[in-house]
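The structure appears right after this line, and notes come after that.
The values are calculated or read from the model by the stated rules, or taken from the named source; none is laboratory data. Only a predicted model underlies this, so the values are computations on that prediction, with no experimental measurement involved. Cβ placement follows ideal geometry from the backbone for every residue including glycine, while neighbour counts extend to all protein chains displayed.
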Amino acid sequence: MRVHFTVNGRQHEADDVWEGESLLYVLRERMGLPGSKNACEQGECGSCTVRLDGVPVCACLVAAGQAEGREVVTVEGLAAHAGQRAQRSGGAPARSEGGQAALAPIQQAFIDAGAVQCGFCTPGLLVAADELLDRQPNPSDADIREALSGNLCRCTGYEKIMDAVRLAASRQGEAARR
Amino acid sequence: MDFLRPASWEDALAAKAEHPAAVPIAGGTDVMVEINFGHRRPEHLLDLGRIEELATWETDRDTVRLGAGVPYTKIMESLRAELPGLALASHTVASPQIRNRGGVGGNLGTASPAGDAHPALLAAGAEVEAESVRGSRLIPIDAFYTGVKRNALAPDELIRAVRIRKARGPQQFSKVGTRNAMVIAVCAFAIALYPAERRVRTGIGSAAPTPVRAEEAEAFLAAALDEERLWDSGARIAPSLAEKFAGLCAAACDPIDDVRGTADYRRHAVGVMARRTLTWTWEAYRAAPAADRREGGAV
Ligand SMILES: Cc1cc2nc3c(=O)[nH]c(=O)nc-3n(C[C@H](O)[C@H](O)[C@H](O)COP(=O)(O)OP(=O)(O)OC[C@H]3O[C@@H](n4cnc5c(N)ncnc54)[C@H](O)[C@@H]3O)c2cc1C
Ligand code: FES
Ligand code: FES
């Protein structure tokens, strides 16, 4: 079957999609967007987290046909997505380098806090953490733990990830006050 | 495989009548795991995601008619006051990503003994609104679970909604697992107090081939509370009474040993949860003003 949906603001279409295929497979294997990772294919790890009509979901558990006509944001579109949010709230527009959107604040914070080791869990964590900051600009530690409870990381022990989200939240707060 | 995408409820019922073996897919959090691992290769997938009324709920004075596709996240956010037991149970399901997609219709469709909605629905005395092109019927939750991962739906039926009476007394839900997120229940327990009717209902998960109520424990407790006039006095429940109730709840289990826990452990843990949740709900009942207590309006 053929499916159409918007990914990171651009209309995409994929042909010859098998009816039982997941949104994750279509993104990675048919649309050339390998940022969302495939680790467990059973909803346990969160490394495939994308936003479907704004809501964080495991792309491995969404049938491709269920995404028809909907809007998907993947880690590849996170910087642009966060940039639009900053502009809406009157903050600085996203910096861009050579026409490419710069990193989203949450991405920069992961780097600065040392929250990336092998990096396999990172795209899913970034999408989940960015959605938290969208919804709750000033999250408590409990809020962060809850929002990220569906994302597994085998490397970092999570403390640096907590640091990164706190850092992004405080930078976002400063930017909004400026 | 065919992907059926009905735009309306009527179309969905017609499709299910035409293809009774079609597998409905709502949030997909059970169905897609089975497809990804090749455990299921249905000829037809019936996507219910486009049917708006499944994703909404209606309330009247006494009841919530919860659309089969309302995700757990919405239940937690919007129905905590009306359905406290189910909201607590929803919060223990998996992770935010799963709760954003999965819902009660899918939990009932799978009818796993470990599904977290079931104990809360049993304690709340819910009714499942099943519909087909032949018509609509209400299945009492006590008659819904017919075996391990089996339910009372006919092949051409879909779940339209679950009808749940609004809480008229304190409710609690408790679940044992190895961590707070992403655990299938080792066992689970739900309790609801009905002060106006002087009754208590329970639900036990993951400790028998199907979700079950502890009916003997309920009857014992109702009689004991009456006899000691505790509904009126609002006095504390004696530890010995709570222990007896806990023991009867444990005895209502018919558990197995498996990777998540032994049968003995499950019986023990159900007893502990029964005692604790009884204490929590009873303390909430006692804390309500006496006038509210008499009207049974305390939540
Ligand atoms: C990682 C992970 C963790 C999980 N943790 C938990 C947990 O902690 N607790 C828990 O209870 N569950 C858990 N689950 C299981 C699952 O999320 C729940 O059972 C959920 O309620 C299923 O809802 P759904 O909408 O996604 O169902 P789907 O997968 O869409 O459907 C499930 C079943 O119900 C049928 N169905 C769906 N809607 C209808 C309808 N309207 N009428 C008739 N049949 C219908 C489908 O055909 C299918 O058989 C987990 C799943 C995953 C992947
Ligand atoms: S790959 Fe989707 S949750 Fe692990
Ligand atoms: S950095 Fe390796 S899994 Fe998280």
Criterion first (within 16 Å of ligand 2 (Cβ to nearest atom), crowded, with 19+ Cβ neighbours inside 10 Å and within 13 Å of the chain's Cα centre (by Cα)) does residue A:121 satisfy it?
yes
Does residue B:162 qualify as being within 14 Å of chain A (Cβ to nearest Cβ) and either within 16 Å of ligand 2 (Cβ to nearest atom) or part of a strand (DSSP E or B) (or both)? no
Yes/no for residue B:120 being modelled with pLDDT of 95 or more, under 24 Å from residue B:199 (Cβ atoms) and within 8 Å of the chain's Cα centre (by Cα): yes
*So is residue B:70 buried (at least 19 other Cβ atoms within 10 Å of the Cβ) and within 14 Å of another protein chain (Cβ to nearest Cβ) or not?*
yes
Only one of B:196, B:154, B:167 is surrounded by 17 or more Cβ atoms within 10 Å (Cβ to Cβ), more than 14 Å from chain A (Cβ to nearest Cβ) and modelled with pLDDT of 95 or more, namely B:167
Per the filter on the range A:34-90, residues within 14 Å of chain B (Cβ to nearest Cβ) and in a helix (DSSP H, G or I) are A:59, A:60, A:61, A:64, A:65, A:66, A:67
Expected output for the range B:66-85 (first residue part of a helix (DSSP H, G or I), partner modelled with pLDDT under 95, Cβ below 9 Å, 6+ apart or cross-chain) is B:84/B:299
Within the range B:73-95, the residues that are touching a strand residue (DSSP E or B) at 6+ places or on another chain (Cβ under 6 Å) and within 14 Å of chain A (Cβ to nearest Cβ) are B:92
If you go through B:87, B:55, B:114, the only one that is among the small types (Gly, Ala, Ser), away from ligand 1 (no atom under 13 Å from the Cβ) and surrounded by fewer than 23 Cβ atoms within 10 Å (Cβ to Cβ) is B:87
Pairing a residue in the range A:143-164 that is within 17 Å of residue A:48 (Cβ to Cβ) with any residue that is surrounded by fewer than 21 Cβ atoms within 10 Å (Cβ to Cβ), where Cβ atoms lie under 6 Å and the two sit 6 or more apart in sequence or on different chains, gives A:149/B:181
Given the conditions (1) closer than 20 Å to residue B:142 by Cβ; (2) in contact (Cβ under 8 Å) with a residue 12 or more places away in the chain, every one holds for residue B:225 apart from (1)
Scanning the range B:32-59 for residues that are more than 8 Å from chain A (Cβ to nearest Cβ), touching a strand residue (DSSP E or B) at 6+ places or on another chain (Cβ under 6 Å) and of a type in the set (A, V, I, L, M) gives B:46, B:48, B:54, B:55
If we scan the range A:75-84, do we find a residue that is surrounded by fewer than 17 Cβ atoms within 10 Å (Cβ to Cβ) and assigned by TED's automatic domain parsing to the domain that holds residue A:169?
yes
| task | Test residue B:106 against the criterion of being in contact with an Asp or Glu (Cβ under 9 Å, 6 or more places away or on another chain), within 23 Å of residue A:43 (Cα to Cα) and within 13 Å of another protein chain (Cβ to nearest Cβ), and give yes or no. | result | yes
Restricting the range A:100-130 to residues that are touching a residue at least 60 places away in the same chain (Cβ under 8 Å) and closer than 23 Å to residue A:44 by Cβ, the one farthest from ligand 1 (Cβ to nearest atom) turns out to be A:106
All-but-one check, residue B:96 against (1) at pLDDT 95 or above; (2) more than 16 Å from ligand 2 (Cβ to nearest atom), failing number (2)
Of the listed residues (B:42, B:71), the one being within 10 Å of ligand 1 (Cβ to nearest atom) and within 18 Å of the chain's Cα centre (by Cα) is B:71
Across (1) in contact with a helix residue (DSSP H, G or I) (Cβ under 8 Å, 6 or more places away or on another chain); (2) more than 30 Å from residue B:189 (Cβ to Cβ), residue B:85 clears everything bar (2)
Here the residues within the range B:140-159 that are in contact with a strand residue (DSSP E or B) (Cβ under 7 Å, 6 or more places away or on another chain), more than 11 Å from ligand 1 (Cβ to nearest atom) and either not in a loop (DSSP other than H, G, I, E, B) or not small (Gly, Ala, Ser) (or both) are B:140, B:141, B:144, B:145
Checked pairs for the range A:31-59, first more than 19 Å from residue B:74 (Cα to Cα) and modelled with pLDDT of 95 or more, second assigned to a strand (DSSP E or B) and within 13 Å of ligand 3 (Cβ to nearest atom), C-beta under 7 Å and 6 or more apart or across chains, list as none
Of the residues in the range B:1-31 that are at the interface with another protein chain (Cβ under 10 Å from one of its Cβ atoms) and of a type in the set (Asp, Glu), the one that is surrounded by the fewest Cβ atoms within 10 Å (Cβ to Cβ) is B:2
Filtering helices (runs of 4 or more DSSP H) wholly in the range B:205-299 for at least 3 residues that are at pLDDT below 95 gives B:290-295
Note on the range B:175-205: residues within 12 Å of the chain's Cα centre (by Cα) and polar (S, T, N, Q) are B:202
